[in-house]
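Asker: This is the structure, below, for whatever I ask next.
The values are calculated or read from the model by the stated rules, or taken from the named source; none is laboratory data. From a predicted model like this one, the values you see are computed outputs, not experimental measurements. When we count neighbours, we look across all protein chains shown, and the Cβ atoms used for this are built from the backbone with ideal geometry, even at glycine. Calculation scope for accessible area: heavy atoms of the full protein, side chains included, ligands and nucleic acids excluded. Shrake-Rupley method; radii C 1.70, N 1.55, O 1.52, S 1.80 Å.
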Amino acid sequence: MASANDSKWQKDAADQNFDYMFKLLIIGNSSVGKTSFLFRYADDSFTSAFVSTVGIDFKVKTVFRQDKRVKLQIWDTAGQERYRTITTAYYRGAMGFILMYDVTNEESFNAVMDWCTQIKTYSWDNAQVVLVGNKCDLEDERVVSTERGKQLADQLGLEFFETSAKENINVKAVFERLVDIICDKMSESLDSDPTLINSQTKGTRLTENANTQQGGCQC
Amino acid sequence: MPGHVPNNKISSLEPDGLQDADVFEITDFTTATDWERFIARLEEVLHEWNLINHAPLPPSPKGELSSDKWKEKTDTVNFANFMFDITYKYLNRDDIDLHSNDQRSSPEEEDDGDSEDQLPTVMADLMSLDNDFPAKAHCLCRWYGLQEFVVIAPSNQSDPILSESRTKILLSSVSIALHNAGCAVPIFVQVQQFWRQMFTGTCVLSGSAIDFDVIHLKSIPSPYNHLAGLLDVFKAKIATHVVPRPTVTVAVRFTYILTDWVNSPWPQEPPDLSSPMEDEIGCSSFKSLPFGACEDPVSELQLACTWPSLSEDMIVENQNYSDLDPMHAPQWSVRIIMTEDPNCLLGKYLTEFLRCCNRKETTNELLWNVLSNQDSSDQTGDIGQALSRLTDPKLAHQLPAINQTGDIGQALSRLTDPKLAYQLPAISNVVYTANNQTGDIGQALSRLTDPKLAYQLPAISSVVNTASSRLALKPGQAPISQEALNEIVFYVFPDAQDKFKSSNDDDGSKETTELDKKYKVILDELPKQLKSAPVDSLLHRLAVCLNVVYMNHGGMKGVAQLWQEFVLEMRYRWENKHQIIGVEGGAPNLGACLLYQKLQMLNCCIERKIKREQIYKGYTGESLETPDSDSGCLATDKQLANHNKMSKSDSLTTSFSKENLTCNSDNSEQQNRDAKHNCDSLTEELPAKIVHLDSSSEDEEFFECDEESMDEDSSRSNTKQLTHIDSVDTTSSSEAPFHDSITHKPEGRQCRHGDLLLLHVDEPLYIPLTQEPSPMTEDMLEEHAEVLAKLGTSSEGAQLRARMQSACLVSDMESFKAANPGCVLEDFVRWYSPRDWIVDDDDVIDDNVDDNKDDLKQIKGYLSSRMQIPGNVWVEAWNGARPVPARRQKRLFDDTKEAEKVLHFLASMKPGDVIRNLLSVLVHSAIITIVENEDSDIPKLTEMVQQLVTMASKVTRTPHQDIKRYEDLIRRIAFVETLIARARSLKDKFTTDLIDRPDCFDEMQKFVCDMLHYPEVSVRGGPSGPAGSVIHKLFVAAQKELYMISDSDSSSNTEHQSTVPDFPRPSAREYILRTTAPRPAPYSKTLPHKMYCSLMEGHEFRLAGAFSSDSVFQ
């Protein structure tokens, strides 16, 4: 599916072949399965070993949400420390984040807090984040319990999923949820915009002045 | 609605009724004439709007009529070819939901007895006492208290209905339509000139009808200049003969106007409008945006004294006597009339400035006619000619212009001597001063040739600026005067004035501490919320200066001139390696505006350039050996001194080896003591072990790490280390699959990576010094992302992307190879991506047992499967990487190129672009200004400021700066400013010293606050309340003032001859008379009648009457 889009990608954007475009970012420690997760979602394929991502990479998928075509541009990032400065630069334009750890790797779970701080520092405050514990198929090797993941997610105020890119568990759900939250947030801010405009006429005297002056005491 | 709804229902069941309905739905042989068509169309509209068979509504709750819940529907109707607008205005009753409405109407149909009690909406409205004198409403609503009505008015206002017969035709048409449709909503026809607000109307109810009419006169007929006369009119109109005569209830409102604010004349402190224009230029004028209104934003106070509901017998007002003393009125309310446009400065400045952001002129186009007269040949860049002019004393005064036009001078000097290029501005300055003061061009030229002199000028950059512009423009014609320009430059670049004085910073900090606490959070959050630039940064200063310059110093030309100065200064700073002050260091902050990022970028470039040159020049002098020599350099005393400071700093090391760092800080004390010793001994014993400086990164860090590694080394046995090194050459050659690096000496080491040893060589694993990734501004990033995205989502695309981004990886690999001779990819991965090195469980070995060398060697593991994929980017890059230390690699970040790109970006901006790019910063400044000035404790204002910030954050963050949204934003800023100005003005007027009791202070504050929020505020306690007494005092003071001035006039005013009255004559008197009486015959049904009277002294006399009549028992 991917190769067909190559040349068209840019054109699509111009063609307005979608109603919204969301830029999403997958972040998390190295080798927690970010690339696999993305491939599972975008291509519905799984390979046990993808080349470790250098810098950033991306995939595109269009979904339908509330009768709208939403084009997801999902950026996959390198998890290595050394790439932090490069990848954080891309945070600013992202509307949603998938923060991933590996349930079989304690260290990647411990790093979630740091990643969260990074998001706070480098993204706009309205970016939405979903916490994802990947590789939940490897029950034998699990070191981070679902409860701990949930607890941390609550503490950070994030939505939480445990997923498996290999067994295709919850992969779609994560993206759908994230898209939903972003949509909600968007309509929220759209809703709040008119109130802003309204309040301009409501609580203020400037507009009222005009009325009082023409319709005031003269009649 | 008694009987109305059921009646209609019945009629619709009858054959006649059916026929009626069919007529207008099907057609049309009855609609032959224009008149009939008009009626049919009216009915159609009424049906469309669903105004038929309404269940009656209760009167609207108190105060609702002046709310903003009014809605309207509009359509057009033609009478022949005369077009009318028909408008249905109604109050959106959200207090009653529609479902209950339906429910209510159904039981009525079942039980007629119940619905008898319910008055039709119109009548209920007429008689409701709750809605007399609404604060703000349509005049029909004001007169009759209606919550819904339809108005028919000529579409063309200049073609009013003047003749009586036309009015009658319209009214009867309306009447027929209402009858046919069974609609109980009153319809009004606007007659006479629009400004007269004459409406005549009718309402058809079942069994009755109401006529509405208006009398409008210019002056008040004396018999009707009081309540008694008006009552006579009312009674005569009802003309009822029943006995006893029904009593009339009366509601009265007198309005008094106060325009003389004796206690608080405006302005209290005249805003500095003119001072920047005049010769003496106040320092403050460039430093902050102006704030406040030029005119008093509060123009008058209207006091309305209301007697809400009296029986006609209770009060007397006639020619000779009046009970209506305002001091005895039970209700007082106040409205404040605001000045339409009080000329608020901040809003004005911003609005005017914004208007220019779409201007397309370039700097040169704007300044061409003030540039000194130059031949066109110079502009085309004929350097030869320029040169000859340079040497020609007569033409020397034109030299600056050469500079100006496309920097030919600079280009020229660069051509002749690149090294001296950066000195040129200074030189030109010297030329100028010499020329101007002594006129001795020869001297100037001699100075020109003496570069040392140019060097020695103290504050080169600032002088250069002022000088170059002064030179460039015709004397006296520059948009910004020399004096002003100097001041601006010193303000924008405080370091130009005096590098050691930082008085400006003190000012800023003082201001912030004085700020109100309630805004502290907002202010603290502001830089994060808005995409602008840090507070008090260079851009803030520049944005404010540009705005002030635009308003007071030559408009766009001034902007162009100042911008050109700015760009010149930027170039100067780059070329002379002066850091730009007022711009944060480090990589561009992507949360700031683009322009700020560009300046940060330029600063990065300058920083790198300084470092680069230090390494090649400065350090050779200090260190014993040149950094280029492979044997490394010595740690000097200075470096050791640095060590202490740096050892705890949050360096890059943290991320790579936390273990190391903790160890470092633990040992730091001991280290300090031993450092020098170690160093000395090491340099003696192990020259090859010492890492030398890297050109491209921060030196201090490396020194720390050097010592750290040395320390570690020394904590082991030095001799052991020596043997290690000896063994490298011999042993590793046989084992390592990597051939080219075996024999090279290690270079560019940063520190050891924990206790790790290389896999194939018995040698610790060193973290290399690496190149830092290049900083990027958002536009670069975007471009980069776009390029990456263009490669598409195929696997080939992904590979290409990986390769494109592998420059950094390759560079790191090369550094690693250089630092770790004999290393393999596995070693690299262990440092770079540790999770891709999988340790065999059987061989997990306690790394800390470092005295057992054999164990360390036995660590076994393998690369993760993804690293083993044949031909993957990592393997490829590793195979291609040569052992080159970072400082000898190709620069990942070309500071020269990037700086030139930034400078080009700045120089190619048109003044309009500059304005557009600075809007966010300016908005930021404006919000700070607002917050600094908002000292009223009005909750609403706090809320509005908060809203403003929210709005601003949205607007400034939009990727493509939308001017429309900025317009809205600035309108809002202006609005908040106006509100603050009003609040201030009101606070001054209702000053605390007028309050009798101190315990009323809070109430007064609330009162002032309410006056800002609501069109009309009732005065608690009326005349005897605290606010009432203040208002009373204000009127008394104004009256005294008035009568002292016009003593002679008072003789004409017989009533007030003896004493000065507390209040002026009411400027408006309103009376509402109501009664219920049978009409037209004594045996008719008893129906409500209402008359509204408005008497305005010298203005108008208006009676608006609604009289019902029984249409059955006439």
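Asker: Give, in nm to one decimal, the length gained when the segment between B:Lys237 and B:Asn156 is fully stretched (0.36 nm per residue of separation minus the Cα-Cα distance).
Answerer: Full extension of this stretch gives 25.8 nm more.
Asker: Under the √(5λ) rule applied to the eigenvalues of the Cα gyration tensor, what semi-axes describe the equivalent ellipsoid of the stretch B:561-611? Give them in Å, descending.
Answerer: Over the Cα atoms of the stretch B:561-611, the ellipsoid semi-axes are 17, 16, 7 Å.
Asker: Heavy atoms of the protein only, probe of 1.4 Å, neighbouring chains included. What is the accessible area of B:Lys71 in Å², nearest 10?
Answerer: Taking all protein chains as shown, B:Lys71 has close to 90 Å².
Asker: Also: Chain pair B, A: how much accessible area is buried, both chains summed, with a 1.4 Å probe, in Å² to 100?
Answerer: The contact between A and B buries close to 5700 Å².
Asker: Treating the beta-carbon of each Lys and Arg as +1 and of each Asp and Glu as -1, no other charges, what is the dipole magnitude of the stretch B:140-275 about its Cα centre, to the nearest 20 debye?
Answerer: Rounded to the nearest 20 debye, it is 600 debye.
Asker: To the nearest 0.05, what FRET efficiency results for A:Lys172 and B:Leu892 with a Förster distance of 41 Å applied to their C-beta separation? If you can, show how the numbers build up before the last one.
Answerer: On the way: r = 39 Å, r/R0 = 0.95.
The calculated FRET efficiency here is 0.55.
Asker: Cα-based Rg of the stretch B:135-191 per 2.2 N^0.38 Å, rounded to two decimals? Intermediate results must be reported in sequence, preceding the final value.
Answerer: Numbers: Rg = 12.7 Å, N = 57, 2.2 N^0.38 = 10.2 Å.
Taking the Cα Rg and dividing by 2.2 N^0.38 Å, one obtains 1.24.
Asker: Protein chains only, probe 1.4 Å: how do A:Tyr122, A:Tyr90 rank by accessible area, largest first?
Answerer: Greatest to least solvent exposure: A:Tyr122, A:Tyr90.
Asker: How crowded by other chains is B:868-880, given as the mean number of beta carbons from other chains within 10 Å of each beta carbon?
Answerer: For this peptide, the per-residue mean of nearby foreign Cβ atoms is 2.
Asker: Moving to a separate point now. Just from the alpha-carbon atoms, what are the Rg and Dmax of the stretch B:108-231 in angstroms?
Answerer: Cα only, the stretch B:108-231: 16.7, 54 Å (Rg, Dmax).
Asker: Pop the C-beta distance of B:Val535 and A:Glu139 into the FRET formula with R0 = 41 Å and round what comes out to the nearest 0.05. Write out the running numbers ahead of the final one.
Answerer: On the way: r = 53 Å, r/R0 = 1.30.
With R0 = 41 Å, the Cβ-Cβ based efficiency is 0.15.
Asker: Along the charge dipole of the stretch B:873-917, pointing to its positive end and built from +1/-1 on Cβ of Lys, Arg, Asp and Glu, which listed residue (B:Ala907, B:Val875, B:Ala886) has its Cα farthest out?
Answerer: Of B:Ala907, B:Val875, B:Ala886, it is B:Ala886.
Asker: Partner chain Cβ atoms within 10 Å, averaged over the residues of A:75-85 - can you pull that number for me?
Answerer: Neighbouring Cβ atoms belonging to other protein chains average 5 per residue here.
Asker: Can you tell me the Rg and the Dmax, both Å, for the Cα atoms in the stretch B:763-825?
Answerer: 15.4, 45
Asker: Ok, one more. With r as the distance between the Cβ atoms of B:Thr247 and B:Ala1037 and R0 = 45 Å, compute the FRET efficiency 1/(1 + (r/R0)^6) and round to 0.05.
Answerer: Rounded to the nearest 0.05, the efficiency is 0.65.
Asker: Which value does Rg/Rh take for the stretch B:47-96 over its C-alpha atoms, Rh per Kirkwood?
Answerer: Rg/Rh: 1.08.
Asker: How long is the stretch B:165-238 along each principal axis, judged by its Cα atoms, biggest number first, in Å?
Answerer: 44, 30, 19
Asker: Suppose every K and R has +1 on its Cβ and every D and E has -1 on its Cβ; what is the size of the dipole of the stretch B:286-341 about the Cα centre, in Debye to the nearest 20?
Answerer: Dipole about the Cα centre, nearest 20: 400 debye.
Asker: Also: With +1 on each Lys and Arg Cβ and -1 on each Asp and Glu Cβ, how big is the dipole of the stretch B:748-839 about its Cα centre, in debye rounded to the nearest 20?
Answerer: Its charge dipole is roughly 260 debye.
Asker: Okay, next question. Which order do B:Thr1075, A:Thr47 take by accessible area at a 1.4 Å probe, largest first?
Answerer: Details: B:Thr1075 5, A:Thr47 65 Å².
Most to least solvent-accessible, the answer reads A:Thr47, B:Thr1075.
Asker: Turning to a different aspect of this structure: Hey, what's the Kirkwood Rh for the stretch A:137-186 if you take every pair of different alpha carbons, in angstrom?
Answerer: 12.2 Å is the Kirkwood radius here.
Asker: I'd like the carbon and sulfur percentage of the solvent accessible area for the stretch B:906-1016, probe radius 1.4 Å, heavy atoms only, ligands and nucleic acids excluded.
Answerer: C and S atoms contribute 51 percent here.
Asker: Sticking with this structure for a sec: What do you reckon, how do B:Val923, B:Val839, B:Val1036 stack up by accessible area (1.4 Å probe), largest on top? Let's see the in-between values first.
Answerer: Details: B:Val923 0, B:Val839 60, B:Val1036 35 Å².
Result of the area sort, largest leading: B:Val839, B:Val1036, B:Val923.
Asker: Please report the accessible area of B:Tyr519 (heavy atoms, 1.4 Å probe, ligands and nucleic acids excluded) in Å², nearest 10.
Answerer: That residue has around 0 Å² of solvent-accessible surface.
Asker: Could you compute how much accessible surface B:Tyr550 exposes when probed at 1.4 Å, giving the result in Å² to the nearest 10?
Answerer: Number for this one is 40 Å².
Asker: Given labels modelled 7 Å from the Cα in the Cβ direction, how far is it in nm from A:Thr146 to B:Asp1002?
Answerer: 5.5
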